[in-house]
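The values are calculated or read from the model by the stated rules, or taken from the named source; none is laboratory data. Here the structure is a predicted model, which means the values were calculated and not measured. Counting neighbours? That spans all protein chains shown, and the Cβs are built from the backbone with ideal geometry, glycine included. Areas reflect the complete protein model, heavy atoms only, side chains present, ligands, DNA and RNA absent. Shrake-Rupley method; radii C 1.70, N 1.55, O 1.52, S 1.80 Å.
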Amino acid sequence: MEIRYHDVVIVGAGLAGLRAAVELSGEYDVAVLSKLHPLRSHSGAAQGGISAALGNAGEDSPLWHAYDTIKGSDYLADQYAVQVMCNDAPRAIIEMEHLGVPFSRIEDGRIAQRPFGGHTRNFGEAPVRRTCYAADRTGHVCLHTLYEQSVRRNVRFYDEFQVLDLCMAGDAVNGVVAMELKSSELVTFHARAVMFATGGYGKAWKTTSNAFANTGDGLGIAMRNGIALQDMEFVQFHPTGLYQLGILITEAARGEGGILRNGSGERFMERYAPSIKDLAPRDIVSRSIYSELSEGRGAGPLKDHVLLDLTALTHEKIVDKLPEIESFAKIYLGVDPAIAPIPVLPTCHYAMGGIPTDVNGRVLGSAAGNEVQGFWAAGEVACVSVHGANRLGSNSLLDLIVFGRRAGKDIAGFLKKNVQPLPLDAGVRERARSEMAAFSGRRQGESVAEVRAMLQAVMMDKVSVFRNEDGLREAVRRLGELRERAAAVRVEDTTRNFNTEQLEALELQHMVNYSMAVAAAALERRESRGAHSRDDYPRRDDERHLKHSLAVLDADGKVSILEKAVDLSLAATDSRFVPRERTY
Ligand SMILES: Cc1cc2nc3c(=O)[nH]c(=O)nc-3n(C[C@H](O)[C@H](O)[C@H](O)COP(=O)(O)OP(=O)(O)OC[C@H]3O[C@@H](n4cnc5c(N)ncnc54)[C@H](O)[C@@H]3O)c2cc1C
């Protein structure tokens, strides 16, 4: 097997990975591995914007931003990490502007800002314009800018290389094993530092805004190497996915004046969040939609969706501020949003949990919270815990560029100490080789698509917006069975170039493992908090559950759930940050 050496190997070419690469390039030999072409990374799909208290469109402050983020998280976010992110946000945006991001502008030339759900002025008084944007293509322009900067700085890209495993030297990480998709050849990447920026895992649900590639490989790989995953039960359903498709209609549509209506045309969010209505955080809006449906107030002949009404906006405004969603509505549903409302339903969107890190991206993956030497993570795969139980819209892109940069800086500091690469253990390469060989040419068993569809159905039915004890127990049981069935799927295609059947079989193994972590952690959390809503425990229970969960994969394939304290450092000196009932 070929072995390549780089000082740093970053897995993932979305915004988190590329921001770290830009930070490290020039000084160190940096490789970025991506299973997709970097510009196909899912960051490019981000539409509505990126938050920062710039104050270009009305008074704002990082402290207000931190307050909203912590309240939005239902008080599960680590408060110091939130403070780091919100304080750094204005600088991070100006830096992105200087790197070349073509943000939309207000008339005096400063960066334009729009309202987004849960972002308020003066500790909850009224919505604030905090989200910077480039029409509704913010992720697209940020990704192109960072890619151009990375190419310019000679970052070495390995496109269409699928990482299969971590190389471990004892408890430390010193490389990855990857498969080149065009040849199915395995390559070991030996490195002094490894960073995961492999994105989210929405593909484990049937209806999702996520791309086909968002199979959460990074989580599965970390888990199988003994690294605990944090807060996996918190999975965000975005309120406005296109009906029956799940394709996202950005929250910016409501920020620009869009209104949610039920089947009778009523603006129902006035009842659920009287002060900020349609701009309530996503967990609240998604639950409100399902409440409307369950009480028979849905729209359409089946009363099974609600409507996003943009008809009060002019055609010009829609084309200027929301061009992507205008075309999505027309192409996929044949609806012109300037004339008719768009049928929508919540769609699985974002993972609040992931690989635990500190604010410098260092992985703290052991159950005892010890650092995993040589290993960093940032972006949606990571859980630095700035989103807690529910992320506010436009805080993810911010998380990527703030913590991607910090991870890059921290890796540079580590490398400066002249740390030598730890010797490679050949065992990991053999594990990858034998796993591939086990699938290759197996003609018996179910297809990958069959098992994956069952997994997605279980997650959608039992581990969705509303959950309960019986459903979660059944999910854990069925996922246990699916884990065995996934290990036995057939892979009839024996070709070596772009063998997607083999690839999907490998991805499926990760999907069953982290889905078990989601279901098991949701079962253990007998309360409702943020995106985790239990019919049988409808209240938040701070006494018992103001704690992070840690999911550990045991040797027998079962998942154990441990606990970790939440950082409440702001609350210690400022009573406004003390957990309280969350109303809007
Ligand atoms: C439709 C949509 C709209 C959104 N809009 C917004 C918004 O307006 N504002 C906001 O703040 N957030 C938004 N989000 C959320 C945000 O876009 C994502 O959380 C974020 O882009 C994730 O970035 P990332 O860098 O962590 O990962 P990604 O951009 O998903 O990149 C993951 C990378 O990892 C690579 N990878 C994965 N597995 C492997 C493997 N096994 N081997 C090699 N490479 C691998 C992929 O190839 C890819 O390069 C949106 C999300 C969606 C789905």
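Key figures
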| read-out | value |
| --- | --- |
| Selection from region 560-577 of residues that are loosely packed, with under 12 Cβ neighbours inside 10 Å and among the hydrophobic types (A, V, I, L, M, F, W, C) | 565, 572 |
| First in region 73-90 and of a type outside the set (S, T, N, Q), second anywhere and open to solvent by 10 Å² or more (accessible area, probe 1.4 Å) and part of a helix (DSSP H, G or I), Cβ under 7 Å, 6 or more apart | 80/569; 86/62; 89/62 |
| Tabulated pairs, region 218-235, first part of a loop (DSSP other than H, G, I, E, B), second modelled with pLDDT of 95 or more and aromatic (Phe, Trp, Tyr), C-beta under 9 angstrom, 6+ apart or interchain | 227/375; 232/514 |
| Some residue of region 157-164 being open to solvent by 20 Å² or more (accessible area, probe 1.4 Å), touching a helix residue (DSSP H, G or I) at 6+ places or on another chain (Cβ under 7 Å) and aromatic (Phe, Trp, Tyr) | yes |
| Residues of region 477-523 satisfying the condition of being touching a residue at least 60 places away in the same chain (Cβ under 8 Å), open to solvent by 50 Å² or more (accessible area, probe 1.4 Å) and assigned to a helix (DSSP H, G or I) | 483 |
| Checking residue 236 against (1) in contact with a Pro (Cβ under 8 Å, 6 or more places away or on another chain); (2) open to solvent by less than 10 Å² (accessible area, probe 1.4 Å); (3) within 12 Å of the ligand (Cβ to nearest atom), the condition it does not meet | (1) |
| Count of residues meeting criterion [of a type in the set (Gly, Ala, Ser) and under 25 Å from residue 178 (Cβ atoms)] in region 448-481 | 1 |
| Criterion violated by residue 245 - all others in (1) within 16 Å of the ligand (Cβ to nearest atom); (2) surrounded by 19 or more Cβ atoms within 10 Å (Cβ to Cβ); (3) not in a helix (DSSP H, G or I) satisfied | (2) |
| Filtered residue count, region 108-145, keeping only those that are of a type in the set (S, T, N, Q) and near the ligand (Cβ under 10 Å from one of its atoms) | 2 |
| Candidate set from region 397-443 (those that are within 16 Å of the ligand (Cβ to nearest atom) and acidic (Asp, Glu)); member that is modelled with the lowest pLDDT | 435 |
| Residue satisfying condition, being outside any loop (DSSP other than H, G, I, E, B), closer than 30 Å to residue 319 by Cβ and open to solvent by 20 Å² or more (accessible area, probe 1.4 Å), within set 54, 63, 39 | 39 |
| Output for region 450-485, where each listed residue is in contact with a helix residue (DSSP H, G or I) (Cβ under 8 Å, 6 or more places away or on another chain) and farther than 16 Å from residue 517 by Cα | 451, 452, 454, 461, 465, 466, 485 |
| Pairs where the first residue, in region 389-407, is closer than 16 Å to residue 91 by Cα and the second is within 7 Å of the ligand (Cβ to nearest atom) and in a helix (DSSP H, G or I), C-beta under 6 Å, 6+ apart | 400/15; 400/16; 404/16 |
| Residue in region 197-215 that is among the aromatic types (Phe, Trp, Tyr) and either at pLDDT 95 or above or open to solvent by less than 20 Å² (accessible area, probe 1.4 Å) (or both) present | yes |
| Pair list, Cβ under 8 Å, 6 or more apart: region 151-174 residue free of Cβ contacts under 8 Å to residues at least 60 places away in the same chain, other residue of a type in the set (A, V, I, L, M, F, W, C) and open to solvent by less than 40 Å² (accessible area, probe 1.4 Å) | 151/157 |
| Tally, over region 366-383, of residues that are of a type in the set (Val, Ile, Thr) and within 12 Å of the ligand (Cβ to nearest atom) | 1 |
| Any pair with Cβ under 8 angstrom, 6 or more apart, that starts in region 531-559 at a residue that is without any contact (Cβ under 8 Å) to a residue 12 or more places away in the chain and ends at one that is open to solvent by less than 10 Å² (accessible area, probe 1.4 Å) | 537/527 |
